[in-house]
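Quick notes on the structure that follows.
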Amino acid sequence: MPYEPPTHTVERSLRATTGARIIAGVDEVGRGAWAGPVTVCAAVTGLRRPPAGLTDSKLISPKRRTEMAGQLKEWVTSHALGHASPEEIDALGMTAALRLAAERALEALPVRPDAVILDGKHDYLGGSWQVRTVIKGDQSCIAVAAASVLAKVHRDAMMAELGLAAPEYAPFAFHDNAGYPSPVHRAALEERGPTAHHRLSWSYLDALPQWRHLKKVRVPVETAAMESGGQLGFDF
């Protein structure tokens, strides 16, 4: 089924209604994985014509996606990546971890954006950033589509490297599943248990009786704040 190519419509709207000039498209990858970080890319593209075939990274073949990422690195005005580790995801929850990764990406840009376009309907960033959320923004918005491809290719390569880092990681096939659920990944978990790169608060451990004792239970923010005698800096 053919897809409409992304456009600069949202960027132009933000320029007209808010006066923003530097606008970053933001997208994440790794939200549903069992292992590895959640990765966010912030991409500033301006209003130039994008490389042919740019769209949501999930709609591009792995080979073409890698080629596209190479083109985008030369084409974008600037881009940066931010990560939240499995430990941070376990401690903070996914919403706060996404916020942390996005802030790291945005703050790593050479110039602070005037506005941010987030893929999806939820503003997990908020705070001091002017945010516009766009459902399926990775298909409709050029800056978000660029961020989608750059984030996906970067995290896939990172997970492949983790899979090669030590022989004990090979059975999990991170090079193939990037830490997401798969039959091979599940079989390795059942036999070997989670690695240092796995998220230990995730529900997959509920289905693994021999490893269930490793599951981490996140303390609700209200309880943690009461125990610490103060206010914590993250929402859950």
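List of remarks:
- Gyration tensor verdict on region 75-137 (Cα atoms; rounded if a/c is under 1.5, prolate if a/b is larger than b/c, oblate otherwise): oblate
- Rg to Rh quotient for region 13-108, alpha carbon positions, Kirkwood Rh: 1.01
- Residues in the chain average 50 Å² of solvent-accessible surface per residue, probe 1.4 Å, ligands and nucleic acids excluded.
- Extents of region 26-74, taken as max minus min of Cα coordinates on every principal axis and listed largest first, are 36, 23, 16 Å.
- Residues in region 108-119 carry Karplus couplings, in order, of 7, 5, x, 10, 5, x, 6, 8, 10, 9, 9, 6 Hz; the curve used is 6.51 cos²θ - 1.76 cosθ + 1.60 with θ = phi - 60°, and Gly or Pro positions show x.
- Partners for Lys58 among lysines (Cα-Cα distance below 28 Å; same-chain residues under 8 apart left out): Lys73, Lys121, Lys136, Lys152
- Here each label is just a point 7 Å from Cα along the line to Cβ, and for Val131 and Val217 those points are 3.0 nm apart.
- In this calculation the C-beta distance from Ala165 to Thr18 is compared with R0 = 35 Å, giving a FRET efficiency of 0.20.
- Surface share of carbon and sulfur [accessible, 1.4 angstrom probe, percent] for the chain: 55
- A Cα-only calculation for region 152-199 places Rg and Dmax at 9.8, 29 Å.
- Potential extension, Ala196-Thr7 segment - 0.36 nm per residue separation minus Cα distance: 64.0 nm
- Oblate is the label for the chain, because the ratio a/c of its alpha-carbon gyration tensor axes (a ≥ b ≥ c) is 1.5 or higher and a/b is not greater than b/c.
- A full extension of the chain between Ser203 and Asp123 corresponds to an added length of 26.3 nm, given 0.36 nm per residue minus the alpha carbon distance.
- Available extension along the chain between Thr66 and Arg48 is 4.4 nm, counting 0.36 nm per residue and deducting the alpha carbon span.
The values are calculated or read from the model by the stated rules, or taken from the named source; none is laboratory data. What you are looking at is a predicted structure, and each value in this text was computed from that prediction instead of being measured. Positions of Cβ are generated from backbone atoms using ideal geometry, with glycine treated the same way; all protein chains shown enter the neighbour counts. The area values use the complete protein model at the heavy-atom level, side chains included, leaving out ligands, DNA and RNA. Shrake-Rupley method; radii C 1.70, N 1.55, O 1.52, S 1.80 Å.
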